[in-house]
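Every read-out reported here was derived from the displayed coordinates using simple, explicitly stated rules and does not represent laboratory data. Computed from a predicted structure; not experimentally measured. With ideal geometry, Cβ positions are generated from the backbone for all residues, glycine too; neighbour counts draw on all protein chains shown.
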Amino acid sequence: MAGQTFPKANRLRRRPEFVAAQQYERRRKREGLIFLLRPNPVAVTRLGITVTRRSQPLAVRRNRARRLLREAFRLNYGLLPQGWDLLVIVTKEALGLTLPQAGKAILWAMGR
């Protein structure tokens, strides 16, 4: 991944992509994060994040959780295996998550 960007090619953007990731069997949980993994048809690893109002009532906290996970994914992208869709569901327990914890959790979920 070049520079300090998070391109659209590395994101799950459409509802069918999120639904497909949710229906796949591979699930892992750590640090208040639920990771859903599935192989994808493209040669890049893509990230999708779900933070519900039920888990984080304030929009500020939901957005912070998304930013934190995107940054952890971007920083560790070179270490991740390619060709996977990674959907992260944020739960209430992930409220105080830090960037190093998020990065370790993503690497753990991807088997690194």
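Data table
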| read-out | value |
| --- | --- |
| Cα-based shape type of the chain, given that a ≥ b ≥ c are square roots of the gyration tensor eigenvalues and the cut on a/c is 1.5 | rounded |
| Potential lengthening between Ala9 and Lys29 on full extension [0.36 nm per residue; Cα-Cα distance subtracted] | 4.7 nm |
| Asn63-Tyr77 pseudo-label distance in nm [points 7 Å out on the Cα-to-Cβ vector] | 2.3 |
| Long-range amide H partners of Asp85 with built H, under 5 Å | Arg38, Asn40, Arg46 |
